[in-house]
Amino acid sequence: MNLFRVSTAGRSRKIYIHQRVFILSGLFCFLLLPGFLAAQKPFVQKGKASYYADKFEGRKTASGEIYHHSKATAAHPSLPFGTRVKVTNLANNKSTTVRINDRGPFVKGRIIDLSKSAAKKLGYLKEGVATVKIEVLSKTKEESRKKKQ
């Protein structure tokens, strides 16, 4: 039989191998896993960025907000709504911070659609498309609340 003895509070108890594995896996989950998750690299992505056409002014975004070209907002295919992202134009090293409030872009090879004001800050209005790097700065308010609890 695959067992060994453990002494707890003066009593001897038999523990089988499958119980030992369960205990060790529990220790891993509660002691090691949180440190591993905290050590993960932040989200960084490089690719092409475009900006919203004027025809989208005043229309609803996927989050339900109304799009305004004067606000620093963006569309990303997978980042949660409310996520703050630093966007850097790799051609001129200009950067700005935007908040994700929409889904897109829906053009192959593009990673983010910016509001017109954000594109202006990055200096690519005339070109229409720029190579950028995006870095997540903060998560949504909901995710931050869950982390605190």
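The values are calculated or read from the model by the stated rules, or taken from the named source; none is laboratory data. Keep in mind that this is a model prediction, so the values were computed, not measured. With ideal geometry, Cβ positions are generated from the backbone for all residues, glycine too; neighbour counts draw on all protein chains shown.
It is to be established whether one or more residues within region 109-125 are touching a Leu at 6+ places or on another chain (Cβ under 8 Å), crowded, with 16+ Cβ neighbours inside 10 Å and closer than 22 Å to Lys41 by Cα.
No, that holds for no residue.
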Problem set entry | Of all residues in region 51-94 being assigned to a strand (DSSP E or B) and among the basic types (Lys, Arg), the one that is nearest to Ala119 (Cα to Cα) | Lys86
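If you take the residues in region 66-99 that are among the hydrophobic types (A, V, I, L, M, F, W, C) and within 16 Å of Phe56 (Cα to Cα), which one is surrounded by the most Cβ atoms within 10 Å (Cβ to Cβ)?
So the residue we want is Ala74.
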Exercise. Out of all the residues in region 95-109, which are under 17 Å from the mean Cα position of the chain (by Cα) and not in a strand (DSSP E or B)?
Worked result: Arg103, Gly104, Pro105
For this session: Please indicate, with yes or no, whether at least one residue in region 23-30 is part of a strand (DSSP E or B) and either modelled with pLDDT of 95 or more or of a type outside the set (D, E, K, R) (or both).
Result: no
